[in-house]
Amino acid sequence: MLKARYTCVLLDKNESKLRETAKELESVGKCYEYVIDITDIKALDKFCDWLGEQSLSVDTLINNVGYSNG
């Protein structure tokens, strides 16, 4: 998708892994990084506000989250 000139927003609760992934992709295209725990509803609201502040919109969502409640 980056090669197709999409702007990518990477989300992760692990800041060091997030930065590592972004660094790997930066040579391919534009990536934003956002540290977040997606199980936190208030944090998701803040993320949506941040998207607006950055003048970004979501055209495609790829959800690759592993979550276990047990």
Filtering the stretch 46-67 down to residues that are more than 20 Å from Thr21 (Cα to Cα), open to solvent by less than 90 Å² (accessible area, probe 1.4 Å) and outside any loop (DSSP other than H, G, I, E, B) yields Cys48, Trp50, Gly52
Residue selected from the stretch 30-45 under the condition open to solvent by 50 Å² or more (accessible area, probe 1.4 Å) and of a type in the set (Ser, Thr, Tyr), by the criterion nearest to Met1 (Cα to Cα): Tyr32
If we keep just the residues of the stretch 10-29 that are within 14 Å of Val65 (Cα to Cα) and of a type in the set (A, V, I, L, M), which is most open to solvent (accessible area, probe 1.4 Å)? Leu11
Exactly one condition in (1) modelled with pLDDT of 90 or more; (2) open to solvent by less than 90 Å² (accessible area, probe 1.4 Å) is false for Thr7; which is it? (1)
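The values are calculated or read from the model by the stated rules, or taken from the named source; none is laboratory data. Remember, predicted model here, so these are calculated numbers, not experimental data. Heads up: the accessible areas ignore ligands, DNA and RNA and are worked out on the full protein's heavy atoms, side chains in. Shrake-Rupley method; radii C 1.70, N 1.55, O 1.52, S 1.80 Å.
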